[in-house]
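Below is one structure, written out as structure tokens; the observations come after it.
The values are calculated or read from the model by the stated rules, or taken from the named source; none is laboratory data. What you see is a predicted model, and the numbers here were worked out from it, not measured in a lab. Glycine gets a Cβ as well: all are built from the backbone with ideal geometry, and neighbour counts include every protein chain shown. Heads up: the accessible areas ignore ligands, DNA and RNA and are worked out on the full protein's heavy atoms, side chains in. Shrake-Rupley method; radii C 1.70, N 1.55, O 1.52, S 1.80 Å.
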Amino acid sequence: MKHTKLNLAQVSPRRENETIVTEDNKVCGINLSSLPRSIQLIVCIIVVFVLFIMYGYCQEWLFQMDGVKKHGMFVTLMQFGFYTIFGIFEQNIHGKIERRVPLVTYIGLAVLTIGTMGLSNTSLGYLNYPTQVIFKSSKLIPVMIGGILIQGKKFSMFDLLSCLLMTIGLIMFTLTDQKVSPNFEATGIILISLALCSDAAIGNIQELTMKKHKTSNAELVLYSYGIGFLILFVGHLVFGGFLEVFIFMIKNAKIMLALFLFSFSGYVGIHFVLHLVRTFGALLAVTVTTCRKAVTMILSFMFFTKPFSILYLWAGMLVLGGICLNIYSKNKSKVDSMISGAVRGLRKNSSLQSNIV
């Protein structure tokens with residue numbers, strides 16, 4: 001989905017015995033916090049997998065339809081329109097959403113969101129879907145480069161190694177795609193790279209906005225996508241062709257169905273991801289979403305006809321290894337504690353079995 005972007009590592013999980021229910025603990029108006037934690041976990045994992053696999057399937061299905069590939073920005077316009085409608089509907093469930101963030105900030109967020117999702121959608125007119133997914137999974141690279149050049153940040157050896165693995169994996173994936181795919185165009189790489197840069201910027205700004213103004217996810221989604229819709233709508237009116245493309249899409253039932261399912265699954269899915277983060281922590285949430293992306297890529301090769309090379313697998317494993325290293329780097333103490341606890345448990349079970357024998 002890629003959607004409302006949030007730095008997962010900065011969101012604190014809810015404590016084990018905390019029972020306070022707020023609007024932030026509700027998922028699209030549904031109070032999951034009343035369920036046992038184990039049930040919440042199962043529900044969130046299942047829903048995230050189902051919805052985002054649907055999101056990826058509908059996105060690729062949509063851009064394989066005749067006449068859609070060259071209209072990536074218009075697809076984004078329609079997607080933002082659906083997101084705005086869903087946001088208004090959610091507002092009616094939650095009650096009136098009080099705007100806490102200045103409109104100027106939301107205009108900036110809307111422009112970055114257009115850059116992230118619009119360029120990402122447009123890139124599918126030039127790239128295979130798995131190539132787009134592998135690039136979107138490597139947001140760490142522009143984040144690290146920007147952190148070094150702009151803020152003078154220093155990163156750990158694990159971060160640098162993960163960035164190197166992702167870079168090598170991306171190069172391998174791109175070269176393989178260029179070799180085996182008859183539809184490969186370098187324009188797609190440029191577009192998805194620019195989308196990644198916008199994605200890296202929007203995460204930091206949204207994080208700062210949520211901390212400073214204490215805004216809710218519902219407000220952030222409604223205003224970011226609502227203003228983004230207006231910007232795209234005016235842009236299409238100014239540059240022309242709006243009415244022609246609009247009539248073409250609404251007359252095609254398959255396109256409208258794919259657009260609706262694509263938008264609905266993305267909108268609802270991100271709310272479950274955020275609930276997963278708040279309740280169970282960033283480590284588990286990132287692990288779930290990373291596994292989901294891997295499954296989405298596998299299903300893409302299974303459901304949609306495209307050339308395959310074993311080099312795709314090796315390149316994907318390099319990128320996955322880089323993601324795992326990055327997750328470990330950000331959660332080193334927690335992961336080490338989990339591993340040591342598992343080892344102690346195994347030793348204890350082994351000792352018990354030896355005593356029984």
Query - Selection from region 46-68 of residues that are among the aliphatic types (A, V, I, L, M) and open to solvent by 50 Å² or more (accessible area, probe 1.4 Å) - result: Ile46, Val50, Met54
Report task. Test Gly81 against the stated conditions and say whether it is in a helix (DSSP H, G or I), surrounded by 20 or more Cβ atoms within 10 Å (Cβ to Cβ) and not hydroxyl-bearing (Ser, Thr, Tyr). Result -> no
Query raised in the report: Is it fair to say Lys293 is of a type in the set (Lys, Arg), under 27 Å from Gly266 (Cα atoms), at pLDDT 70 or above and open to solvent by 30 Å² or more (accessible area, probe 1.4 Å)?
Result: yes
Query raised in the report: Does Glu98 count as modelled with pLDDT of 85 or more and among the charged types (D, E, K, R)?
Result: no
Report task. Taking Lys214 as meeting all but one of (1) open to solvent by 70 Å² or more (accessible area, probe 1.4 Å); (2) at negative phi, write down the number of the exception. Result -> (2)
Report summary line: Every listed condition ((1) open to solvent by less than 10 Å² (accessible area, probe 1.4 Å); (2) modelled with pLDDT under 75; (3) over 17 Å from Cys197 (Cα atoms); (4) not basic (Lys, Arg)) holds for Val180 save (1)
Query - Out of Ser224, Ser216, sole residue that is at pLDDT 75 or above and within 21 Å of the chain's Cα centre (by Cα) - result: Ser224
